[in-house]
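> Below is one structure. I have some questions about it.
The values are calculated or read from the model by the stated rules, or taken from the named source; none is laboratory data. Owing to the predicted nature of the structure, the values given are computational and were not obtained by experimental measurement. Cβ atoms come from the backbone with ideal geometry, glycine included; neighbour counts cover every protein chain shown. Please note that ligands, DNA and RNA were not included when accessible areas were found on the heavy atoms of the full protein model with its side chains. Shrake-Rupley method; radii C 1.70, N 1.55, O 1.52, S 1.80 Å.
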Amino acid sequence: MIKSPRGTRDLLPPDTALWNFVEATVRDVFRAYNFHEIRTPIFESTELFARGVGEDTDIVSKEMFTWEDRGRAESDRGQSLTLRPENTAGVVRAYIEHKLWDRGLNKLFYIGPQFRRERPQKGRYRQFYQIGAEVIGPTTAGSQSPARDAEILELLATLLDRVGIKNWTLELNSVGCPADRAKFNEALRQALAPVAAKMCADCQRRAVTNPLRVFDCKVPEDQPIIDTLPTIGQFLDEDCRAHHAEVKNILDAVQIPYTENPRLVRGLDYYTRTAFEFTHGGLGAQNAILGGGRYDGLSEALGGPAAPGIGFAIGEDRLVLSLAESTDSLQSPKSIARKPDVYIAPLGAGMNSEAARVARELRRHDLAADLVIELGDESFRLKKSFEAADKLGARYILIVGENEVKADAFALKHLASGEQVTVPRGELAQRISQK
Ligand code: HAM
């Protein structure tokens with residue numbers, strides 16, 4: 001049997017109803033905050049991620065799906081391509097490519113699949129979905145303001161509330177600017193020198209190449225050592241401190257609770273200043289439901305103009321998992337999926353076309369335009385049609401037989417109450433749309 005590749009999965013009904021509910025809800029929230037959708041390719045040049053996300057990150061050094069794409073013609077050069085492991089680098093590439101600075105402050109969102117070759121487990125997949133947003137623009141548009149950071153965090157609180165995620169925790173930190181980072185890396189290097197030999201192979205490498213990345217380590221035996229390392233907070237300059245204080249000041253004003261986590265550095269190299277994660281108890285080891293932060297130097301690292309930005313990405317798989325596990329029955333996929341309003345049952349030979357006519361008339365009728373209509377088959381006996389309608393949870397069954405067609409009026413039965421009426425063709429739409 002051919003199965004889906006390791007770490008990938010099929011999303012089936014009725015679960016897809018929950019996914020659609022989540023996406024419809026977040027689209028409403030994005031609209032309310034004046035964000036607009038952007039769609040970028042699901043593969044990009046490998047160089048984009050190497051330069052954007054960083055060579056020493058786990059994502060780039062071991063998790064990317066990369067291939068050499070050979071050219072098909074002289075004009076079509078071969079190049080290394082990669083399935084996107086995240087969408088921020090792609091958005092910033094698009095910002096540069098399309099000179100989006102002309103539009104001032106860009107408030108963009110995206111929903112789509114990302115790919116990382118990770119060890120699959122609950123809440124961690126090789127193809128997963130992110131709902132993300134980026135606020136990016138020239139400094140003159142206010143892109144560097146702590147007001148933007150706070151607005152993003154407040155938007156996230158609204159979004160999680162609307163979707164129905166309860167008991168989230170916002171963990172907040174500042175990772176400073178490149179100069180602070182250099183000082184911090186040096187301090188880490190010194191602190192790690194005497195102990196690195198006792199750590200995992202990855203940490204021994206990180207201790208030399210990019211000590212900050214030691215904080216990404218998940219090896220339990222290394223944690224006591226990591227707990228003794230200095231934290232970035234001691235190395236922040238005046239401006240970074242003031243920025244961080246103002247973000248917290250606004251969060252306090254709008255009463256968004258947060259906890260400071262001085263060890264939160266995030267697994268991607270582009271972050272500057274604000275870094276955050278929202279965690280949720282129900283998720284177990286993979287408890288980060290979303291992550292994000294500021295990336296004031298990313299555009300320049302990719303060859304663009306100065307374009308400070310801040311954004312986040314929600315792991316949609318994890319969001320849906322948390323919802324599915326919440327005891328709130330309102331969020332169960334079954335209760336969200338819509339059931340047929342009417343099951344049209346053709347009764348006897350030649351009645352498929354008559355039933356199709358009735359369905360067509362209903363579907364074109366303004367009143368009935370959003371009814372869910374299920375069409376049966378003339379080969380079914382009446383009993384089988386009733387069973388089918390019941391199984392689908394239809395509200396009404398509508399019988400289309402020879403007698404009904406002659407009379408131009410149809411038997412309509414309300415399945416829950418058993419009440420049956422004969423309805424003239426012209427009144428069907430109105431009758432069925434009544435709840
Ligand atoms: P990230 O922390 O790498 O950040 O990913 C964001 C979220 O995606 C995670 O918190 C998690 O919920 C979900 N996620 C990541 N990997 C997997 C996986 N293998 N399976 C399931 N879910 C996963 C970013 O991607 C940044 N681009 C976020 C950002 C946007 N920063 C600024 N703007």
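> Which one of LEU412, LEU323, LEU192 has the biggest mean-square fluctuation once the chain is modelled by GNM with Cα springs under 10 Å?
LEU412
> When you count, for each residue, the other Cβ atoms within 10 Å and take the mean per peptide, how do 57-64, 70-77, 233-240 rank with the highest first?
In descending order of packing, they fall as 57-64, 233-240, 70-77.
> Ok, one more. Please state, rounded to one decimal and in Å, the Kirkwood hydrodynamic radius that segment 21-117 gives when every pair of distinct Cα atoms enters the mean of 1/r.
Details: mean 1/r = 0.0660 Å⁻¹.
Result for segment 21-117 stands at 15.1 Å.
> For the chain, what's the relative contact order in percent, using C-alpha pairs closer than 8 Å and at least 6 residues apart?
Working: 763 pairs, mean separation 67.5, N = 435.
Relative contact order here is 16 percent.
> Where the only charges are on Cβ atoms (+1 Lys, Arg; -1 Asp, Glu), what is the dipole of segment 157-303 about its Cα centre, to the nearest 20 debye?
320
> Further question: After finding the eigenvalues of the alpha carbon gyration tensor for segment 94-155, what semi-axes result from the square roots of 5 times each, listed largest first in whole Å?
30, 16, 9
> With the dipole of the chain worked out from charges on the C-beta (+1 for Lys and Arg, -1 for Asp and Glu) around the Cα centre, which of GLN190, GLY104, ASN352 lies farthest toward the positive end?
ASN352
> Which angle between 0 and 90 degrees, to the nearest 10, do you get for helix 146-163 versus the longest principal axis of the chain when only C-alpha atoms count?
Rounded to the nearest ten degrees, it is 30.
> Another question, if that's okay. To the nearest 10 degrees, how steep is helix 238-253 against the longest Cα principal axis of the chain, on a 0 to 90 scale?
Roughly 30 degrees, rounded to the nearest 10.
> Normalise the Cα radius of gyration of segment 182-339 by 2.2 N^0.38 Å (N = residues in it) and let me know the number. Before the final figure, lay out the partial values.
Numbers: Rg = 19.1 Å, N = 158, 2.2 N^0.38 = 15.1 Å.
With N residues counted in segment 182-339, Rg over 2.2 N^0.38 Å equals 1.27.
> While we're on this one: Where nothing but the Cβ of Lys and Arg (+1) and of Asp and Glu (-1) is charged, how large is the charge dipole of segment 62-198 around its Cα centre, in debye to the nearest 20?
Here segment 62-198 has a charge dipole of around 560 debye.
> Semi-axes of segment 171-253's equivalent ellipsoid from the Cα gyration tensor, sqrt of 5 times each eigenvalue, largest first, rounded to whole Å?
28, 14, 9
> Among ALA242, PHE276, LEU153, whose Cα sits farthest toward the positive end of the charge dipole of segment 147-295 (+1 at Cβ of Lys/Arg, -1 at Cβ of Asp/Glu, about the Cα centre)?
So the residue we want is PHE276.
> Projected area of the chain, taken from the Cα convex hull and averaged over every viewing direction, in nm²?
Approximately 28.6 nm², given one-decimal rounding.
> Still on this structure, please answer the following. Before anything else, pin down the relative contact order of segment 309-435: Cα pairs under 8 Å, at least 6 apart, normalised by residue count, whole percent. Numbers along the way, then the final one.
Details: 178 pairs, mean separation 31.9, N = 127.
Relative contact order comes out at 25 percent.
> Determine which lysines satisfy two conditions relative to LYS107: a Cα distance under 18 Å, and not lying fewer than 8 residues away in the same chain.
Partners within reach: LYS99.
> Quote the charge dipole size of the chain about the Cα centre in Debye, to the nearest 20; the model charges only the Cβ of Lys and Arg (+1) and of Asp and Glu (-1). Could the numbers behind the result be given before it?
Values: 57 positive and 61 negative charges, 195 e Å.
Value, rounded to 20: 940 debye.
> Pick out, in residue order, every one of the GluC sites (Glu not before Pro) in segment 349-435 that is DSSP loop and has at most 11 other C-beta atoms within 10 Å; say none if there are none.
GLU419
> Also: Output needed for segment 282-435: three equivalent-ellipsoid semi-axes, defined as square roots of 5 times the C-alpha gyration tensor eigenvalues, in descending order, whole Å.
51, 20, 13
> One-quarter of the Cα convex hull surface for segment 93-230, in nm²?
If you wrap the Cα atoms of segment 93-230 in a convex hull and average its projections, you get 11.6 nm².
> Tell me which of GLY233, MET199, ALA313 sits at the most positive position along the dipole axis of segment 178-316, charges placed on C-beta atoms (Lys, Arg +1; Asp, Glu -1).
It is MET199.
> Tell me, what % of the accessible area of the chain is carbon and sulfur with a 1.4 angstrom probe?
51
> Considering the zone a paramagnetic label at SER80 would reach in this model (a point 7 Å from Cα along the Cα-to-Cβ line), which residues of segment 24-60 have amide N under 17 Å from it?
43-60
> Beyond 26 Å between alpha-carbons counts as too far, so tell me which of LYS3/LYS383; LYS339/LYS384; LYS122/LYS183; LYS198/LYS218; LYS122/LYS198; LYS3/LYS339 fall in that bin. Display every interim value, and only then the final one.
Details: LYS3/LYS383 38 Å; LYS339/LYS384 18 Å; LYS122/LYS183 38 Å; LYS198/LYS218 15 Å; LYS122/LYS198 30 Å; LYS3/LYS339 30 Å.
Those over the limit are LYS3/LYS383; LYS122/LYS183; LYS122/LYS198; LYS3/LYS339.
> Just the number please: accessible area per residue for segment 120-249, 1.4 Å probe, all protein chains included, in Å².
43
> Counting only the heavy atoms of the protein chains, how much of GLU186 is accessible to a 1.4 Å probe, in Å² to the nearest 10?
80
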